[in-house]
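Accompanying notes for the structure given below.
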Amino acid sequence: MRHDALRDAAAPDGSLPDGYELPDTPEPDGEIRWAPGALDGSLATRATEREMVKLGVLLVGLVEGTDDRELLLTLGAHDELALFVVVAMANRPDLGEQTLWELAQRTRGWGRIQSVERLSGTDDPAIKAWLLREGFRNTVMDEYLAHVCATTGGLAEALAHAPGALDDALLDGAADLLTALVTGGPAPDLAEYEHGALASERFLDHVEARLAGGAFSLTWLVALAQLRGFLVDDRPWDSLEARGWTDQRRTRLATAVEALLAHPQWAAAVEGALDSDDRAAPLDAIATGPADELGLGSAFAVHACLDAIVPDLASHPGAGWPAIHAALRSPVVRNRNMAVRTLAAWPRSAWPPGAAAALELARDEEPADDVRERIAATLTGQGLD
């Protein structure tokens, strides 16, 4: 595996094509393999095997005074080598923080995660701004980087501008960061973010101002739906009061979220999107068949939109069947549950043609016992728990 193979494959910005495989990658044999870089906790320019390249990269990190910047950036663009490059950079003060940031911008998977984690605590205004708008986004799970980007980037402080004064990229970034923080998982979540309550409050103020001005974004809608669930979740709230999650503030935020979600603009915009000519592509991307997916991370961003859309259709019998049908065929378990509950809330007379047949197929293919039971109960007109 030669260094020049990665150099020649790189795009003008230094990033590698999506799915690029190292030249010594074995031919597919049908077995499940770890994603590049997922297991990693010369030689660097001449070795033909990746393990020797990794050794070479670590050796480069021990020698200052040589011009190895472009070499490390080229190799680090691949997730398999990124961790070793990041460690080498950390051992080379002469390379500086800007080099690490450039690597973070070139990568999308584990390389993005490993490099952004090491930008934690930066004081550079440009890097902090990037962390809030783009730095947390990756192809593994945004949840890995949401907390470090919110804290290092200063999310609450960045949202302190007057309502309506934020740039679109920052407001969208704040929405996606809050969505990832609510989801939590592999890193601290919204409850553990010291300024999470304040950031949420300021985010709602900005969304309210945008809605009043006629703006709309599904990204904001998903964040609002996630915040609604977070605020009513059963948590040890008493222990979180020091971070701003007092009963009064949670009640105020919950009321604000409900008011924003009730805005008539959402329904009109969603219905317009459902009726648009290009709706088929995102819905087809969702309706790939039932599986046991949790639906976490950026790969399921489209699926997450259904979290905000499908439950609200329960009070609009007959509307939004394409979205419900896509949710019924989604690999994400919660999407299928939402679709079934929405149809169960409708009178049978409001079911569109093909709904019963779609439910029967879903029942026969459903891998989760509890979801299958709900589908069967809906088909026979029984109530759901």
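Miscellaneous remarks
- Being open to solvent by less than 50 Å² (accessible area, probe 1.4 Å) and either under 22 Å from HIS161 (Cα atoms) or charged (D, E, K, R) (or both) holds for only one residue in GLY196, GLY184, GLY213, and it is GLY196.
- Filtered residues of segment 288-304 (kept if closer than 23 Å to ASP176 by Cα and open to solvent by 30 Å² or more (accessible area, probe 1.4 Å)): GLU293, LEU294, LEU296, SER298, ALA299, PHE300, ALA301, VAL302
- Flag if LEU39 is modelled with pLDDT of 75 or more and closer than 20 Å to GLN114 by Cβ: no
- Residue count, segment 79-88 (criterion: touching a Pro at 6+ places or on another chain (Cβ under 9 Å) and open to solvent by 10 Å² or more (accessible area, probe 1.4 Å)): 2
- Breaking point among (1) modelled with pLDDT of 90 or more; (2) crowded, with 21+ Cβ neighbours inside 10 Å, for VAL310: (1)
- Residues satisfying the stated conditions in segment 369-385, i.e. assigned to a helix (DSSP H, G or I), of a type in the set (Val, Ile, Thr) and either within 16 Å of TRP351 (Cβ to Cβ) or modelled with pLDDT under 90 (or both): ILE375, THR378
- Looking across segment 141-163, the residues that are surrounded by fewer than 22 Cβ atoms within 10 Å (Cβ to Cβ) and outside any helix (DSSP H, G or I) come down to MET141, GLY154, ALA160, HIS161, ALA162, PRO163.
- Scanning segment 324-353 for residues that are part of a helix (DSSP H, G or I), of a type in the set (S, T, N, Q) and open to solvent by less than 60 Å² (accessible area, probe 1.4 Å) yields ASN335, ASN337, THR342.
- Segment 265-284: number of residues that are at pLDDT 80 or above and loosely packed, with under 12 Cβ neighbours inside 10 Å: 1
- The lone criterion from (1) modelled with pLDDT of 90 or more; (2) part of a helix (DSSP H, G or I); (3) farther than 23 Å from TYR144 by Cα left unmet by LEU240 is number (3).
- Segment 123-140, residues that are at pLDDT 95 or above and open to solvent by less than 10 Å² (accessible area, probe 1.4 Å): ILE127, LEU131, LEU132, GLY135, PHE136
- Residues (open to solvent by less than 10 Å² (accessible area, probe 1.4 Å) and of a type in the set (S, T, N, Q)) located in segment 89-121: THR99, THR107, SER115
- The single residue among ASP247, ASP168 that is closer than 22 Å to VAL302 by Cβ, surrounded by fewer than 16 Cβ atoms within 10 Å (Cβ to Cβ), over 13 Å from the mean Cα position of the chain (by Cα) and not small (Gly, Ala, Ser) turns out to be ASP168.
- Residues being touching an Asp or Glu at 6+ places or on another chain (Cβ under 6 Å) and either part of a helix (DSSP H, G or I) or modelled with pLDDT of 90 or more (or both) - total across segment 178-222: 4
- Filtering segment 88-111 to residues that are in contact with a helix residue (DSSP H, G or I) (Cβ under 7 Å, 6 or more places away or on another chain) and either in a helix (DSSP H, G or I) or over 19 Å from ALA9 (Cβ atoms) (or both) leaves ALA88, MET89, LEU95, THR99, LEU100, TRP101, GLU102, LEU103, ALA104, ARG106, TRP110, GLY111.
The values are calculated or read from the model by the stated rules, or taken from the named source; none is laboratory data. Keep in mind that this is a model prediction, so the values were computed, not measured. Glycine also receives a Cβ, built like all others from the backbone with ideal geometry; neighbour counts cover every protein chain displayed. Heads up: the accessible areas ignore ligands, DNA and RNA and are worked out on the full protein's heavy atoms, side chains in. Shrake-Rupley method; radii C 1.70, N 1.55, O 1.52, S 1.80 Å.
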